[in-house]
Amino acid sequence: MGKEAWTQQMPVYPLLKEFQACNKYKNLLLALSDDIDEIIDKLIKFRNHIEKID
């Protein structure tokens, strides 16, 4: 799968972005990428964010 799958073939990502925009899931951290380095960076930032909360 890839970015195109989640935005074109099974457009779940745009739906989640709409939910986020209208505050239904305002705390949802949403990202979509085909770049492994970008994905790893997002996961590290997410983990660091969670650790600050705990």
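For this structure, a couple of remarks:
- Over the chain: Kirkwood hydrodynamic radius from C-alpha pairwise inverse distances, Å: 12.4 Å
- Average Cα contact separation per residue, the chain, under 8 Å, 6 or more apart, as relative contact order %: 26 percent
- Spacing of the modelled spin labels on Ala5 and Lys52, each 7 Å from Cα toward Cβ, amounts to 3.2 nm.
- Residue-wise HN-Hα coupling along the stretch 17-27, computed from phi with Karplus coefficients 6.51, -1.76, 1.60 (Hz; x: Gly, Pro): 5, 5, 4, 5, 5, 9, 6, 6, 10, 5, 9
- Computed lengthening from Leu43 to Glu18, 0.36 nm per intervening residue step minus Cα-Cα distance: 6.8 nm
- Non-local Lys pairs in the stretch 3-53, i.e. 8 or more apart or on different chains, that have alpha carbons under 21 Å apart: 10
Bear in mind these aren't lab numbers, they're just calculated from the coordinates by the rules spelled out. Quick caveat: nothing in here was measured; it's all calculated off a predicted structure. Virtual Cβ from ideal backbone geometry, glycine too; neighbours counted across all protein chains shown.
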